[in-house]
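A quick write-up on the structure given underneath.
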């Protein structure tokens, strides 16, 4: 199979599916454990698995040398802060509102990549980002933010900004190092951050059920190891704005998966938004690999 096909089609599709499925699994397992504590457990499991895999593949953490702090910073921004703020904000905001706020990420990342890294995007790619926003709006609707939830919305936006900054930071400082070892450091730093946050800002609540165990294992292995590994792989050869454009498809695919798995309603408007977002991502992805 040609490398370009793997990079441009299968890898983004795998990332989008795994990241979208995470929202379904979180919804199923969240009632059994306080959110930030569940993140800390998830990252701890992912770290152990990645360290073992890295060692088995000849990528011990020592191969990172003095660059390991860069991976720690990127992991704290892209995983720890982003997901912790999102989990907290979801307790006060509608999922549709969170979807609209999350659509800021690809455009913000593209702008930061242009300003900080000098990454250029063609007019058709900016058009693709615009179509992505339009598709997200159709999927989730223009959900208002109640006055008492403004603080939660600002918290969510702060997390999204941290994810965009973390993406640029990874692209600039971490792109050429060992993938497994680097991802292990990212998960480890995110786990430590979430453990500290869980101990200081939320009461611990755990009901050990098979559902909770299955959900945490899936999120650790399929999302933290699998999806974030694919995200890092894409960032090694494509511009940050193009890679982040994949997030536009996630609200639509999440709505489809919620319809299939949870029996939620899938409106024709949401399906149309999914299609428009997919076209937008296709336009944004039409780019030669960055040097």
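The values are calculated or read from the model by the stated rules, or taken from the named source; none is laboratory data. Being a predicted model, the structure only gives us computed values, none of them experimental. Counting neighbours? That spans all protein chains shown, and the Cβs are built from the backbone with ideal geometry, glycine included.
Here are a few things to note about the model shown:
- Each residue in segment 70-96 was checked for being within 13 Å of the chain's Cα centre (by Cα) and modelled with pLDDT under 90, and 2 of them qualify.
- Screening 242, 185, 223, 192 for residues that are over 26 Å from residue 62 (Cα atoms) and part of a helix (DSSP H, G or I) leaves exactly one candidate, 242.
- Residue in segment 145-161 that is modelled with the lowest pLDDT, counting only those that are under 18 Å from the mean Cα position of the chain (by Cα) and surrounded by 20 or more Cβ atoms within 10 Å (Cβ to Cβ): 156
- Flag for residue 205 being within 27 Å of residue 84 (Cα to Cα) and either at pLDDT below 85 or surrounded by fewer than 21 Cβ atoms within 10 Å (Cβ to Cβ) (or both): yes
Yes/no per residue for (1) under 22 Å from residue 28 (Cα atoms); (2) out of contact with any helix residue (DSSP H, G or I) (no Cβ under 8 Å at 6 or more places or on another chain):
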residue	(1), (2)
193	no, no
196	no, yes
209	yes, no
231	no, no
260	yes, yes
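- Condition check for residue 69 on (1) farther than 14 Å from residue 190 by Cα; (2) part of a helix (DSSP H, G or I): one failure, at (1).
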